[in-house]
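None of the figures in this text is laboratory data; all of them are computed from the coordinates on show. Computed from a predicted model, the values in this text were never measured in an experiment. Positions of Cβ are backbone-derived with ideal geometry, glycine not excepted, and every protein chain shown enters the neighbour counts.
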Amino acid sequence: MVAMAINVKVLERPRLSFWEKLYIPQVLKGLMITIRHITNHQPITVKYPEEVKALPENYRGLHVMPADDEGEIRCVACKLCEIACPTQAISIVSEPADDYGIERRPKVYNIDFMRCVFCGFCVEACPCDALRMGMKYELSSYNRAGLVHTKEVFFDPNVKSDAPRDNANFLYKMGKGEILDSPEEISKIMGLDGTYSRKPGSPQAT
Ligand code: SF4
Ligand code: SF4
């Protein structure tokens, strides 16, 4: 049997100076940092719920459904948000809406906040600005059923949108929150299959 040579590297124990052996300077240095934080104390907490912290503009809170010019819910029940949702938190049941000049609207629109991760994919997927991320975050409930919110909860008639309500006929410019509804853009995509045709006398998109 051939013996294998083993290289052994000998490390020397670091030599501490006299003051380092005392540890007193290091302890004093740590105490100075602690005292500095105590004397320059800047509270970063707030007395919630009496005080509410200002949220950033791009905060993604509980969803909001804006209203159109008629004060109606804008959703056309296309279910793109339901498909885009990675946690399958959205459930939609549609119903005919010929009277309103569109093909259908949601009879039921629920989001299960036991599943929602507030990613905002549903908002990105919506082709007619019918869904936005809001600023509310208080969603505690005493039971599971209370965490399933309905369109009646999301709908806010005070939040308006000028985006055309037909399916897929506007582009939402990311970042600036600017709606691109120039006639060129609209005419370019109005002819796409699947867009809704308005009936004579029905509300016109602005
Ligand atoms: S925010 Fe994300 S997880 Fe929540 S409903 Fe929308 S797509 Fe689903
Ligand atoms: S994508 Fe928009 S219009 Fe389509 S079902 Fe969802 S919220 Fe309604």
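Values for this structure:
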read-out	value
Above-threshold pairs, the threshold being 25 Å between Cα atoms, out of Lys47/Lys160; Lys107/Lys160; Lys47/Lys151; Lys53/Lys151	Lys47/Lys160; Lys47/Lys151; Lys53/Lys151
Sequence ranges 124-133, 46-55, ranked by mean other-Cβ count within 10 angstrom, highest first	124-133, 46-55
Other-chain or far-sequence residues with amide H under 5 Å of Arg105's (modelled H)	Glu95, Ala97
Long-range HN-HN contacts of His63 with modeled amide H, under 5 Å	Gly134
